[in-house]
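Please read the structure below before turning to the comments.
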Amino acid sequence: MPPFTRKNRHILPGFGLSMGYTVFYLSAIVIVPLATIVIGSFNMDQQAFIATVTSPRVLASYRLSISTAIVAALFNAIFGFLSAWTLVRYRFPGRRVLDAMVDLPFALPTAVAGICFATLYSPVGWIGQLLAKADIQLINAPSGIVIALIFIGFPFVVRTIQPVLAELEPEIEESAQSLGATRWQTFRRILLPHLFPALLTGVTLSFARGIGEYGSVIFIAGNLPFKTEIAPLMIMTKLDQFDYDGASAVALVLLLISFSMLLVLNGVQRWQQKSYR
Amino acid sequence: MQHSITRKTGRGTRQSRNDHPAVQALLIVLTILFFAAFIFMPLALVFAEGFRKGVGLYLESIREPFALAAVKLTLITAAIVVPLNAVFGVTAAWAVSKFSFRGKTLLVSLLDLPFAVSPVIAGLIFVLLAGSRTAFGSWLADHGIRIIFSTPGIVIATLFVTFPFVARELIPLMESQGREEEEAAITLGARGWQVFSVITLPNIRWGVMYGMILCMARSIGEFGAVSVVSGHIRGMTNTIPLHVEILYSEYNYAASFAVASILVFLALVTVALKAIVEQRVHIHQRNNPS
């Protein structure tokens with residue numbers, strides 16, 4: 001197959017310039033810096049690398065980051081779906097305000113979210129003092145991390161389901177109903193399967209964001225080694241001790257986890273596009 | 001516009017789509033409760049805590065020199081980062097949407113890469129890159145250039161985390177608009193720059209705005225990445241979110257929330273602007289069906 005023949009004749013100008021600048025800027029800001037960490041880890045003593053990433057404290061931090069991100073993503077699957085449904089289907093006062101506020105977690109700095117939730121759920125906070133009466137404490141525990149991650153991941157689920165739900169043709173539901181399906185059957189057998197790929201995309205995005213999240217979590221988690229120390233904090237701790245090799249090792253494994261999530265996401269999105277065609 | 005409104009309400013009143021009123025009420029109440037607990041309470045709390053020790057202390061907290069220095073550094077960072085990433089976003093979207101070439105899918109996925117990287121790692125890579133162990137790092141040291149624990153480091157880390165915003169907003173928009181208009185202009189003898197400024201730019205201006213708003217919000221609020229590279233030197237390398245953290249960790253809650261309220265205010269402005277621009281983008285797309 002001849003690569004550079006007629007295909008390369010563009011009508012519009014600026015291909016060389018725009019492509020060149022894009023590749024240059026992408027390399028300078030993203031690719032080269034990311035490559036340093038990968039190349040740096042090749043120069044690292046292999047045994048030291050493995051010892052670092054399999055040490056009990058580091059393993060505990062991976063486990064914590066992954067498990068809290070999963071729980072938060074599942075919670076968001078339910079409440080994100082619910083919110084998207086109400087915002088698209090029902091008309092009620094304040095709907096437009098709620099709709100706009102879905103984006104607040106994108107816009108609010110994570111550190112602010114962190115101190116807010118830490119204060120709200122502290123034993124003297126607005127919600128925390130109610131929970132304290134029932135002897136429940138959510139902060140300084142994995143549940144606190146989950147609270148922060150729910151907030152961070154919520155918009156991803158709502159914003160991926162909303163457009164699909166809004167584009168849904170009413171005929172689909174009408175025909176189901178005219179064939180004698182109940183409202184619940186229509187939802188369960190027709191709507192949910194149709195919305196599922198979008199839901200999965202949103203949940204994966206929320207999960208991927210949750211694994212790497214730092215700012216909102218550290219204020220509410222308590223940051224106790226083995227118990228409430230998330231993986232990104234582990235990197236920070238190693239950096240503070242000037243253990244650059246250790247920090248890179250922990251980071252590299254976390255990067256690999258995130259990139260495999262990205263691959264999964266790509267697969268999910270391709271499936272989503274196919275099923276909506 | 002008119003068309004869409006009637007269609008919307010028409011859809012809403014279709015018999016088949018009407019859930020039982022009790023179901024509707026229940027779901028609406030649940031949604032509102034969720035929003036109350038996760039969105040509105042945190043917002044209310046910031047102002048309640050910020051003003052807890054009186055308006056005097058609130059104003060003092062946001063007017064003291066360290067707070068002002070943090071605001072200044074944050075604004076400088078955003079003023080550098082947003083235009084750079086906007087120019088890149090437009091360029092990348094032009095290359096991707098107006099031409100076909102091999103490896104386009106790969107390029108588009110690479111553009112999204114920073115979103116998959118934990119902010120802490122985003123900071124770490126620049127600490128490593130500018131550290132004494134790389135050739136680049138030693139070159140910087142020989143020439144007496146400081147990146148880490150100074151403003152350039154904060155700017156670069158912020159560039160990285162906000163890198164995809166404008167590009168990923170524009171690529172689908174420009175792809176849906178196609179290239180017929182531009183090609184017609186070229187055929188009629190327009191020059192490259194004319195085509196871009198007269199045809200393309202007006203078509204994408206709201207999309208650019210939208211991406212820049214997101215980029216700006218993130219660059220003002222970025223915490224993890226900036227926290228790694230900044231060194232937390234008060235009055236020197238402290239951005240607003242880092243200043244909030246320091247005050248909080250010193251148990252100076254009232255001041256911390258007072259400064260945080262600036263960020264909340266900016267976030268609310270962002271959300272409002274986003275909603276307005278979003279509407280604009282939709283109207284624009286409807287008036288120019290591709």
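The values are calculated or read from the model by the stated rules, or taken from the named source; none is laboratory data. What you see is a predicted model; the values in this text were computed from it and never measured. Positions of Cβ are generated from backbone atoms using ideal geometry, with glycine treated the same way; all protein chains shown enter the neighbour counts. For accessibility, only protein heavy atoms count, side chains too; no ligands or nucleic acids. Shrake-Rupley method; radii C 1.70, N 1.55, O 1.52, S 1.80 Å.
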- Note on the structure: Taking a crude spin-label model, label points 7 Å out from Cα along the C-beta direction, the B:D142 to B:V23 distance in nm is 7.3
- Under Karplus coefficients 6.51, -1.76 and 1.60, residue-wise ³J(HN,Hα) of region B:94-101 in Hz, glycine/proline x: 4, 4, 6, 8, 9, 10, 10, 8
- Per-residue [θ]222 nm for chain B (sum of -39500 (n - 2.57) over DSSP H runs n ≥ 4, rounded to 500): -24000 deg cm²/dmol
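What number in nm² do you get for region B:106-167 if you take the convex hull of its Cα atoms and divide its surface by four? Present the calculation step by step, with values, prior to reporting the outcome.
On the way: hull surface 19.5 nm².
One quarter of the hull surface, i.e. the mean projection, equals 4.9 nm².
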- Message: Full-extension gain between A:Q47 and A:T182, please, as 0.36 nm times their residue separation minus the C-alpha to C-alpha distance.
- Response: 42.4 nm
- Where the Cα atoms of region B:152-290 are projected onto their three principal axes, how long is each span, largest first, in whole Å? 66, 30, 19
- With 0.36 nm assigned to each residue of separation and the Cα-Cα distance removed, B:L68 to B:A275 gains 71.6 nm
- How large are Rg and Dmax for chain A when only the alpha carbon atoms are used, in Å? 23.2, 76
- Given a cut-off of 21 Å, what percent of all Cα-Cα pairs of region A:16-90 lie beyond it? 65
- Query: Shielding of A:85-96 by partners, i.e. mean partner chain Cβ atoms within 10 Å per residue?
  - Reply: 4
- Taking the simple approach of a point 7 Å from Cα along Cα-to-Cβ for both B:S197 and A:L59, what is their distance in nm? 6.3
- Message: Can you order the peptides B:75-84, A:11-20, A:79-88 by their average number of other Cβ atoms within 10 Å per residue, highest first?
- Response: A:79-88, B:75-84, A:11-20
- Over chain B, relative contact order from alpha-carbon pairs under 8 Å, at least 6 apart, %: 30
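With only alpha-carbon pairs counted, each pair once and no self-pairs, how large is the Kirkwood hydrodynamic radius of the protein assembly as shown in angstroms?
Hydrodynamic radius (Kirkwood, Cα pairs) of the protein assembly as shown is 25.3 Å.
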- Once every Cα of region B:95-222 carries one equal point scatterer and solvent is ignored, give the base-10 log of I(q)/I(0) from the Debye formula at q = 0.11 Å⁻¹, two decimals. -0.57
- Kirkwood-Stokes translational diffusion coefficient of region A:185-277, alpha-carbon pairs, 20 °C, 1.002 mPa s, µm²/s: 137
- Note on the structure: In whole µm²/s, the translational diffusion coefficient that Stokes-Einstein assigns to region B:30-98, given a Kirkwood hydrodynamic radius over C-alpha pairs, 37 °C and 0.692 mPa s, equals 205
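Provide a whole-number value for the mean count of partner chain Cβ atoms within 10 Å of the Cβ atoms in peptide A:118-127.
The per-residue average across the peptide is 3.
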- In deg cm²/dmol, rounded to the nearest 500, the helical mean residue ellipticity at 222 nm of chain A, built from -39500 (n - 2.57) for every DSSP H run of length 4 or more, is -22500 deg cm²/dmol
- Note on the structure: Asked for the total accessible area buried by B and A (1.4 Å probe, Å², nearest 100), one would answer 8200
- Query: Taking the C-alpha atoms of region B:64-147, how large are the radius of gyration and the largest Cα-Cα span, Dmax, in Å?
  - Reply: 17.6, 55
- Report the semi-axes of the equivalent ellipsoid for region B:157-228 in whole Å, largest first, where each axis is √(5λ) for an eigenvalue λ of the Cα gyration tensor. 33, 11, 9
- Item | Average beta carbon contacts from partner chains per residue of B:210-221, 10 Å cutoff | 2
- Query: Relative to the compact globular guide of 2.2 N^0.38 Å, what is the alpha carbon radius of gyration of region A:1-150, as a ratio?
  - Reply: 1.66
- Per the Kirkwood formula over distinct C-alpha pairs, the hydrodynamic radius of region B:226-281 in angstrom is 12.8
- Where q = 0.07, 0.08, 0.11, 0.12 Å⁻¹, what log10 of I(q)/I(0) comes from the Debye formula for chain B, counting one point per Cα? -0.39, -0.50, -0.87, -0.98
